[in-house]
1. Mean shadow of segment 86-134, computed from the convex hull of its alpha carbons, in nm²?
2. Dividing the alpha-carbon radius of gyration of the chain by 2.2 N^0.38 Å (N being the number of residues), what value is obtained?
3. Counting other Cβ atoms within 10 Å, which GluC sites (Glu not before Pro) in segment 40-85 have at most 13 and lie in a DSSP loop?
4. Looking at the P(r) of segment 39-95, how many percent of alpha-carbon pairs lie beyond 20 Å?
5. Go through 92-105, 113-126 and give me the packing order, highest mean Cβ count within 10 Å leading.
6. Which parts of segment 29-47 would a label at GLU117 reach, counting a residue when its backbone N lies under 18 Å from a point 7 Å out along Cα-to-Cβ?
Amino acid sequence: MTDRIRRAACRCGQLRITCTGEPVRVSVCHCRNCKARSGSAFAVQARFPAECVRTEGEAKMWQQAGDSGNVADFFFCGECGSTLWFRNRPQLDTCAVPLGNFEPGHGFDLQFSVYEERQEPWVSIIGDAVERYD
Ligand SMILES: [Zn+2]
Ligand SMILES: [Zn+2]
């Protein structure tokens, strides 16, 4: 059996990422930083081992400390501004890719919903298989 390959890109297409195999984690996050990054009510991302991703194009990096105090590195397109992947220090061995940047038909199943205490009151993440954390 060959490993599944999924591709994601920024909106203008100059920055691209190819992910091989299955993600180690697919999660929704309701934290303030993820809301600000995505500009939405929550963010969804698939996390892959760093050795399973390959990137093309030119990325800019911006760093921000999260609520935990750990710094995260965000890689984005300088042309269209899409954040295409990010990694949380000190776990530089994984790479998170926003779900909405993947080509349609990616088939990811949601596994985790975190920071639910910050979830907007009109948001509902459904599914019995989803593990939930405040
Ligand atoms: Zn772009
Ligand atoms: Zn978050």
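Quick note: the coordinates plus some simple rules give every number you see, no bench work behind them. On a predicted model such as this, the values are computed, not experimentally measured, just so you know. Every residue, glycine among them, receives a Cβ derived from its backbone with ideal geometry; neighbour counts consider all protein chains shown.
1. On the way: hull surface 19.6 nm².
Projected over every direction and averaged, the Cα hull of segment 86-134 covers 4.9 nm².
2. Details: Rg = 14.5 Å, N = 134, 2.2 N^0.38 = 14.1 Å.
Compactness ratio reported: 1.02.
3. On the way: sites: GLU51, GLU56, GLU58, GLU79; in loops: GLU58, GLU79.
Within segment 40-85, the qualifying GluC sites (Glu not before Pro) (loop, at most 13 other Cβ atoms within 10 Å) are GLU58.
4. On the way: 407 of 1596 pairs.
The proportion of pairs with Cα distances above 20 Å equals 26 percent.
5. 92-105, 113-126
6. Within reach of a label on GLU117: 29-35.
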